[in-house]
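The values are calculated or read from the model by the stated rules, or taken from the named source; none is laboratory data. Model, not experiment: these values are computed from the prediction. Because the Cβ atoms are built from the backbone with ideal geometry, glycine has one as well, and the counts that use them run over all protein chains shown.
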Amino acid sequence: MPDLYQYHGRYAYRNGFNLAAIVALIVGILPNVPGFLTAIGVLDKGAVWPGLVAVYNYAWFVGFLVSGGVYMLLMHWQSASRSADLQPGIVARPAPSSSLAQ
């Protein structure tokens, strides 16, 4: 939980985007594309390996598992590389001020 509030913590991102999440999303979509294109008639069933067409029947599960696995691996790799690069003087982001808290 403390990583949520650390400037260079596990959940930090750049320019408003978590690159690991975007890569995981794209990689999770890719196995389903051939089956989708076959289902809407853009590709012939013979032009695509039958296993990829069958994967599309379970697109939600395949996308979820592939994206989740890729995200976990990328975040693990990212947090390992960040912990090696941390500077001891930088610990946390300043708390935002709110007029409602006063």
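Before moving on, here are some points about what is shown:
- Any hit, the stretch 44-61, residues being out of contact with any Asp or Glu (no Cβ under 8 Å at 6 or more places or on another chain), at pLDDT below 90, under 16 Å from residue 8 (Cβ atoms) and outside any helix (DSSP H, G or I): no
- All positions within the stretch 1-21 that are assigned to a loop (DSSP other than H, G, I, E, B) and closer than 15 Å to residue 80 by Cβ: 8, 9, 10, 11, 12
- Candidates in the stretch 1-19 are the residues that are modelled with pLDDT of 80 or more and under 14 Å from the mean Cα position of the chain (by Cα); of these, the one that is farthest from residue 68 (Cα to Cα) is 17.
- In the stretch 23-46, the residues that are of a type in the set (Val, Ile, Thr) and surrounded by fewer than 12 Cβ atoms within 10 Å (Cβ to Cβ): 26, 40, 42
- Flag if residue 28 is within 22 Å of residue 66 (Cβ to Cβ), in contact with a helix residue (DSSP H, G or I) (Cβ under 9 Å, 6 or more places away or on another chain) and either not in a loop (DSSP other than H, G, I, E, B) or not hydrophobic (A, V, I, L, M, F, W, C) (or both): yes
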